[in-house]
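Structure record follows, encoded as structure tokens.
The values are calculated or read from the model by the stated rules, or taken from the named source; none is laboratory data. Please read all numbers here as calculations on a predicted model, not as lab measurements. Positions of Cβ are generated from backbone atoms using ideal geometry, with glycine treated the same way; all protein chains shown enter the neighbour counts.
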């Protein structure tokens with residue numbers, strides 16, 4: 001009997017004998033706005049990647065993007081950080097830092113994880129019921145904290161330059177702020193663990209184009225203790241620990257993995273597929289974030305095919321240890337989205353159909 005999607009995912013993560021490579025394609029709302037029905041035709045051709053999708057289910061002329069996803073609109077999150085939408089359907093950038101001056105810290109109140117996530121309300125009873133329904137159906141269950149749960153939240157609150165100066169000068173109030181931010185995330189984590197989840201996700205962008213935003217010493221001093229505090233209880237509860245970061249992170253990869261990570265989601269070309277094979281393969285599962293800067297948006301169909309084949313050949317194995325993810329952003333044309341989907345579908349069984357022997 002073939003494995004279920006959940007069983008295959010968990011075997012892939014633990015490298016204990018998967019039967020195919022898990023694949024995901026996520027399309028941002030601004031990509032939909034750009035290509036509309038043309039993109040719809042592509043998505044409809046790939047039900048494996050987009051189960052339940054039907055043509056016409058999206059009203060392109062009257063679509064509600066949600067808070068902060070309209071160009072020029074401002075909104076505040078539950079930490080009091082102000083965001084401004086920079087494109088319809090493609091998120092927002094930080095526009096106001098509530099702790100730009102430390103004098104505001106004395107009276108600052110964090111959100112309450114019993115009722116609030118970082119960006120909106122959270123109903124834990126509804127969350128429990130939803131996860132229970134998935135569990136009863138044999139589906140994967142996942143919990144997580146906000147994208148930008150520690151370093152990025154500190155940057156949102158203080159501003160980038162101020163935060164870097166705080167770290168360099170060993171600002172004592174920064175220790176207090178890190179404790180506050182970590183305690184909020186711990187409130188979310190412990191509630192998910194009490195409900196019971198297969199995977200706990202932690203995401204933030206620790207890398208720039210050619211280097212991490214801080215070196216190993218600074219990461220170990222300022223971030224690693226909080227990472228361990230949040231991630232080690234997940235491991236103890238039997239949950240996979242999934243960590244995402246955009247950008248180049250190889251110079252702090254050892255420090256990140258040491259915090260209890262079981263699945264790492266790095267970008268392929270920024271870090272280098274050969275580098276990931278040499279330094280990460282076989283140690284933890286790699287959920288490979290396929291290029292969205294050059295080849296996927298601007299390359300040929302063959303170049304996309306070759307890139308994905310290279311990642312599968314160099315990072316995969318019959319035991320598992322590799323997942324594939326592609327986040328599609330403008331101006332990726334529909335034909336390139338189709339190329340990604342076709343390559344994902346073709347190479348998902350590479351290690352089990354005789355090609356990888």
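Overview of results
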item: Unmet criterion (only one of (1) at pLDDT 95 or above; (2) surrounded by 14 or more Cβ atoms within 10 Å (Cβ to Cβ); (3) in a helix (DSSP H, G or I); (4) more than 22 Å from the chain's Cα centre (by Cα)) for residue 33; result: (1)
item: Selection status of residue 286, in a helix (DSSP H, G or I) and either crowded, with 19+ Cβ neighbours inside 10 Å or out of contact with any helix residue (DSSP H, G or I) (no Cβ under 8 Å at 6 or more places or on another chain) (or both); result: no
item: Unmet requirement for residue 209, which otherwise passes all of (1) without any contact (Cβ under 8 Å) to a residue 60 or more places away in the chain; (2) in contact with a helix residue (DSSP H, G or I) (Cβ under 8 Å, 6 or more places away or on another chain); result: (1)
item: Check on residue 260, surrounded by fewer than 17 Cβ atoms within 10 Å (Cβ to Cβ) and without any contact (Cβ under 8 Å) to a residue 40 or more places away in the chain; result: no
item: Scan of region 130-145 for residues that are touching a helix residue (DSSP H, G or I) at 6+ places or on another chain (Cβ under 7 Å) and buried (at least 16 other Cβ atoms within 10 Å of the Cβ), ordered by number; result: 131, 140, 141, 143, 145
item: Cβ-Cβ under 8 Å pairs, at least 6 apart or on other chains, region 298-311 side closer than 13 Å to residue 350 by Cα, far side surrounded by 14 or more Cβ atoms within 10 Å (Cβ to Cβ) and at pLDDT below 95; result: none
item: Some residue of region 251-258 being under 19 Å from the mean Cα position of the chain (by Cα), within 24 Å of residue 14 (Cα to Cα) and outside any helix (DSSP H, G or I); result: yes
item: Index of the failed condition, residue 115 passing every other in (1) within 18 Å of residue 195 (Cα to Cα); (2) in contact with a strand residue (DSSP E or B) (Cβ under 9 Å, 6 or more places away or on another chain); (3) buried (at least 16 other Cβ atoms within 10 Å of the Cβ); result: (3)
item: Residue in region 228-249 that is at pLDDT 95 or above, over 17 Å from the mean Cα position of the chain (by Cα), within 21 Å of residue 193 (Cβ to Cβ) and part of a loop (DSSP other than H, G, I, E, B) present; result: yes
item: Residues that are free of Cβ contacts under 8 Å to residues at least 60 places away in the same chain and assigned to a loop (DSSP other than H, G, I, E, B), drawn from region 263-283; result: 266, 272, 280, 281, 283
item: Verdict on residue 193 being part of a helix (DSSP H, G or I), closer than 30 Å to residue 135 by Cβ and touching a helix residue (DSSP H, G or I) at 6+ places or on another chain (Cβ under 8 Å); result: yes
item: Condition check for residue 205: farther than 21 Å from residue 343 by Cα and part of a loop (DSSP other than H, G, I, E, B); result: yes
item: Matching residues in region 163-173 - criterion: being in a helix (DSSP H, G or I) and either over 26 Å from the mean Cα position of the chain (by Cα) or within 21 Å of residue 118 (Cα to Cα) (or both); result: 163, 165, 166, 168, 169, 172, 173
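Here is a yes/no grid of residues against (1) surrounded by 19 or more Cβ atoms within 10 Å (Cβ to Cβ); (2) modelled with pLDDT of 95 or more; (3) not in a helix (DSSP H, G or I):
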position: 303; (1), (2), (3): no, yes, no
position: 318; (1), (2), (3): no, yes, yes
position: 327; (1), (2), (3): no, yes, yes
position: 352; (1), (2), (3): no, yes, yes
position: 356; (1), (2), (3): no, no, yes
